[in-house]
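To keep things clear, I will list the structure first and then write my remarks on it.
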Amino acid sequence: MSNPLYDVYLVSNMLICLFLLPFQASSGALNQGTAFEIRDLLEGDESQLKMEYLGGRIYSRSYLLTFYSERAFMPGWLAGSTPSCEALELRLLIQQSKFDGLIPKDYHLDQLNILFEKSLNGTSVTERDLALMDILLSDAFILLAKHLYQGKVHPEHLKGIWDIQSKEDDPKVLEKLNLALARQDVRQQLFSLHPKFPIYQRMRHSLKKYHELEQTGSGLLWNNPEPEKPLEPGQRAEQVPAIRDILIFWKDLENYAPDTTRIDVYDSLMAEGVKRFQLRHGLQPDGKLGKATIQALNQSPRTLIEKAMVNMERLRWLPDTTLQELILVNIANYSMDYIRARDTLLHSNAIVGQSYRKTPVFNAEMSYLVFNPTWTVPPTILKNDVIPAVKKDIDYLARKNMKILDFSGKEIDPNTINWAGISSDSFPYMVRQASGRQNSLGLVKFMFPNKYNVYIHDTPSRELFFRADRALSSGCIRIQKPLELAQILLADQRLWTEERIKDTMNGGKEQPVNLKKKIPVIILYLTFWTDGANRENIRRDIYSRDDDLLKLLKLPLAYEN
């Protein structure tokens, strides 16, 4: 989709650059005074550097001192007394940083616009103005480069909910800055710092589209009331015309002319558009206008811009290592994918942690699986679920095929325990559930040792996979296709045929199996992404994490030195 605003800027830049070309080669002598002013600004004390100037601040002093001292403090972004073509290109890229989910004002855009206008319009411009313009451009490049590479917000500010290994490599911002000016390829140097995942560029394109749609969607009604009961095809409701307009706006409903005499009727053609909309939002595509669907329909382009912003930031946090084979769990999508060489070998619905027992975001390596696992009840579940249930009914343990063990492994008769005097906080025993179809872990569990004691496993409660809301577990990840995952993991072990895997799963005896190679497991939380067919996928923020990150993204920058 073409962006008219971008086209105008691009043409303007080309025309200005053609005008400036004669000045670029002979600008050295003109810039000696500017070099003095640059050195004076950068060698000043901290109070001078942090002093507001045109409402802006200088952030990367140590980087800037290194950069300018190596070039004898000569400016890098000027053509005589005007900004160079590279300067104009950088300003355009700053304006377009909103397509990366960043805030253009963070990169001195307002101050640069004032100085550019003053210079390009022939208004009297001082050496101090030119020095400041050059410093602000260099500072903006450094800041934007760092944010594109590793994000604006550090995950540690999000109360420990992100535990994936961060990027270890330095973005080499000064090397990028020098190359950008020497090779006159500012765009290439900055874009080389984007995350390497193809999904990022697709999301960037979607965010650009949303910014364009924001201009045309302001007249729509984005706060439709939720019905008391789901609205089905053939029924009437006052919000139907507004919902129809939204479906047309998102192109889920095309080539459609409603009956003007029945404008408030939710007809079958409109229901097909609702189903397409529901699929993109991870909702049950039943064509019913219920609470969850209306909430999703009430998300305006601005809402989705902000949703895309926080998820692009999450992608920038990920390590840049390109993995050829991995297991990817998206908590917000209730899904698990086995990916090899960018091909999805297996997609499975998943069940994740409830809102008060959230599945953590982290990465680890899967090293073995266990057929017919027993289950030693974790302390939290023991305290909150099992002990209260046993206190109400001692037969709970027998029904669940659970045994009481002391810490030496000796079985304890539950009838010999004074349950009335037992404290949930200091239970002196273990509770273990025997192998079998009714075991809470099902017939197989997949282990990737981690400090959270989270793993992927089967479940006897198969009916739960057909629910739209699958935040139902105590933190671990249950999957709908455990047999298929076991087959892929053991495909390189000749003796583990499909028949043997099935027989072992149904054998009733616990059996661990080591994998020949460790498989990286990444557990992510993405509420927005653009798939390989360039379809935007929007998911509900089940753990209410998007708003906290959005607030941090919108905060003014802190000093970096």
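The values are calculated or read from the model by the stated rules, or taken from the named source; none is laboratory data. A quick note: this is a predicted structure, and the numbers were derived from the prediction, not measured. Note that we place each Cβ from the backbone using ideal geometry, even for glycine, and neighbour counts take in every protein chain shown. All accessible areas refer to the heavy atoms of the entire protein, side chains included, with ligands and DNA or RNA removed. Shrake-Rupley method; radii C 1.70, N 1.55, O 1.52, S 1.80 Å.
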Exercise. Taking the simple approach of a point 7 Å from Cα along Cα-to-Cβ for both Thr216 and Gln188, what is their distance in nm?
Worked result: 3.5 nm
For this session: Output ³J(HN,Hα) for the range 206-223: one whole-Hz value per residue in order, computed from phi by the Karplus curve 6.51 cos²θ - 1.76 cosθ + 1.60 with θ = phi - 60°, and x for Gly and Pro.
Result: 5, 5, 4, 4, 5, 4, 5, 5, 4, 6, 9, x, 5, x, 7, 8, 9, 9
Seminar exercise, completed: Taking a label point 7 Å from the Cα of Asp385 along Cα-to-Cβ, the residues of the range 345-370 whose backbone nitrogen sits under 20 Å from it are 349-361, 370
Problem set entry | For the range 417-422, Karplus couplings with θ = phi - 60° (6.51, -1.76, 1.60), whole Hz, Gly/Pro x | 9, 7, 5, 5, x, 7
Exercise. Alpha carbon centre of the range 389-410 versus the range 474-525: separation in Å?
Worked result: 28 Å
Exercise. Rounded if a/c is under 1.5, else prolate if a/b is larger than b/c, else oblate: which is the chain, with a ≥ b ≥ c the root eigenvalues of its Cα gyration tensor?
Worked result: prolate
Problem set entry | Within straight-line cross-link reach of Lys251, lysines at Cα separation under 19 Å, skipping those fewer than 8 residues along the same chain | Lys208, Lys209, Lys275, Lys288
For this session: Return the long-range amide H neighbours of Val444 (sequence gap of 5 or more, or a different chain), with a cut-off of under 5 Å between placed amide H atoms.
Result: Asn372, Asp458
For this session: Tally up the carbon and sulfur contribution to the accessible surface of the chain as a whole percent, 1.4 Å probe, everything protein left in place.
Result: 51 percent
For this session: Could you work out how far the C-alpha centroid of the range 296-370 sits from that of the range 122-177, in angstrom?
Result: 27 Å
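Given the Cα-Cα distance of Asp169 and Asp337 and 0.36 nm per residue of separation, how much length would full extension add, in nm?
Values: separation 168, 0.36 × 168 = 60.48 nm, distance 2.75 nm.
Stretched out fully, the Asp169 to Asp337 stretch lengthens by 57.7 nm.
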For this session: Return, ordered by residue number, the residues of the range 442-459 whose backbone nitrogen is under 19 Å from a label point located 7 Å along Cα→Cβ of Glu365.
Result: 446-456
Seminar exercise, completed: The whole-number value in µm²/s of the Stokes-Einstein translational diffusion coefficient for the range 86-138, with Rh from the Kirkwood sum over alpha carbon pairs at 10 °C and 1.306 mPa s, is 139 µm²/s
Exercise. Between Met74 and Thr376, what is the FRET efficiency for a Förster distance of 51 Å, r being their Cβ-Cβ separation, to the nearest 0.05?
Worked result: 0.15
Problem set entry | Per residue accessible area in Å² of the chain, where ligands, DNA and RNA are left out and the probe is 1.4 Å | 48 Å²
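Ordered by packing density, taken as the mean number of other Cβ atoms within 10 Å over each peptide's residues, highest first, how do 495-503, 529-537, 517-525 rank?
On the way: 495-503: 12.6, 529-537: 15.1, 517-525: 19.0.
The densest-packed peptide leads the list: 517-525, 529-537, 495-503.
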Seminar exercise, completed: Under 5 Å from the placed amide H of Ser84, counting only residues 5+ away or on other chains, we find Leu78, Ala79
For this session: Kindly sort Asp406, Asp546 by accessible area of their heavy atoms, largest first, with the probe set to 1.4 Å.
Result: Asp406, Asp546
Seminar exercise, completed: With x for Gly and Pro, the residue-by-residue ³J(HN,Hα) of the range 122-127, computed from phi through the Karplus equation 6.51 cos²θ - 1.76 cosθ + 1.60 at θ = phi - 60° and given in whole Hz, is x, 5, 4, 10, 8, 4
Problem set entry | Degrees separating the helix 268-280 axis from the principal Cα axis of the chain, which is the longest one | 80 degrees
Exercise. If each of Glu499 and Leu158 carries a label point 7 Å out from its Cα toward its Cβ, how far apart are those two points in nm?
Worked result: 4.8 nm
Exercise. Within the range 54-128, which GluC sites (Glu not before Pro) sit in a loop by DSSP and count at most 12 neighbouring Cβ atoms inside 10 Å?
Worked result: Glu70
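Too long at a 23 Å Cα-Cα cut-off: which of Lys410/Lys509; Lys358/Lys391; Lys146/Lys518; Lys383/Lys403? It would help to have the intermediate numbers written out before the result.
Values: Lys410/Lys509 20 Å; Lys358/Lys391 27 Å; Lys146/Lys518 32 Å; Lys383/Lys403 16 Å.
Correct reply: Lys358/Lys391; Lys146/Lys518.
Shape call for the range 156-300 from the C-alpha gyration tensor, a ≥ b ≥ c root eigenvalues: rounded (a/c under 1.5), prolate (a/b greater than b/c) or oblate? Kindly include the intermediate steps, with their values, before the conclusion.
On the way: a/c = 3.55, a/b = 2.29, b/c = 1.55.
Verdict is prolate for the range 156-300.
What is the range 384-436 by shape, rounded, prolate or oblate, if you read a ≥ b ≥ c off the alpha carbon gyration tensor as root eigenvalues and call it rounded for a/c under 1.5, prolate for a/b larger than b/c, and oblate otherwise?
Values: a/c = 1.56, a/b = 1.13, b/c = 1.38.
Oblate, since a/c reaches 1.5 and b/c is not below a/b.
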